[in-house]
1. Which one of the conditions (1) of a type in the set (Ser, Thr, Tyr); (2) at pLDDT 85 or above; (3) within 26 Å of residue 6 (Cβ to Cβ) does residue 78 fail to meet, given that it meets all the rest?
2. Report whether or not residue 56 is modelled with pLDDT of 90 or more and open to solvent by 60 Å² or more (accessible area, probe 1.4 Å).
3. Which residues, counting only those in the stretch 26-52, are of a type in the set (Val, Ile, Thr) and loosely packed, with under 14 Cβ neighbours inside 10 Å?
4. What do you reckon, is residue 90 in a helix (DSSP H, G or I), among the aromatic types (Phe, Trp, Tyr) and at pLDDT below 85?
5. Please list, ordered by first then second residue, the pairs with beta carbon atoms under 7 Å, 6 or more apart or interchain, first in the stretch 8-22 and more than 12 Å from residue 32 (Cα to Cα), second open to solvent by 70 Å² or more (accessible area, probe 1.4 Å).
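The values are calculated or read from the model by the stated rules, or taken from the named source; none is laboratory data. Just so you know, these numbers come straight off a predicted model, no measurement behind them. Heads up, the Cβs are rebuilt from the backbone with ideal geometry, glycines too, and the neighbour counts pull from every protein chain shown. Note: accessible area is taken over every heavy atom of the protein model, side chains too, but ligands, DNA and RNA are not part of it. Shrake-Rupley method; radii C 1.70, N 1.55, O 1.52, S 1.80 Å.
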Amino acid sequence: SIQQTETLKLLFVLYFRILKNPQPTPLLPAALRGISKFSHMVNVDFFKDLMAVLKELTSRESPQADDAASESSSHARTVQHQLLCIVTAFELLSGQGQSSFPRPISSVPPETWHLPRFCRRGPGHRPQ
């Protein structure tokens with residue numbers, strides 16, 4: 001129905017505003033999970049902008065903290081957000097988004113989504 005379409009449109013606008021926030025908010029994981037859940041309903045016009053924002057979020061650095069415990073916690077949150085962005089992007093690509101790109105998902109190089117950076121870091125790694 002028209003009402004459901006409008007509700008979905010407003011929901012995606014809200015998700016997008018959360019993603020575009022200059023500082024990560026506690027709502028970011030929920031917005032990413034919501035986009036993943038409804039990825040098959042993403043409008044094609046919205047798709048490329050959404051993918052660009054997700055890619056930008058994966059390259060965001062952890063904010064500097066005052067002490068080691070806060071820095072470790074901040075880094076863990078940043079990594080969680082980055083991994084959720086990657087999962088969300090692949091959910092989008094596995095749905096209708098695949099038709100928007102000429103390459104199949106298997107040909108998307110992993111370095112595009114900064115995966116090697118996560119693989120090289122051990123549990124005690126500190127960002128530089």
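1. (3)
2. yes
3. 44
4. no
5. 8/41
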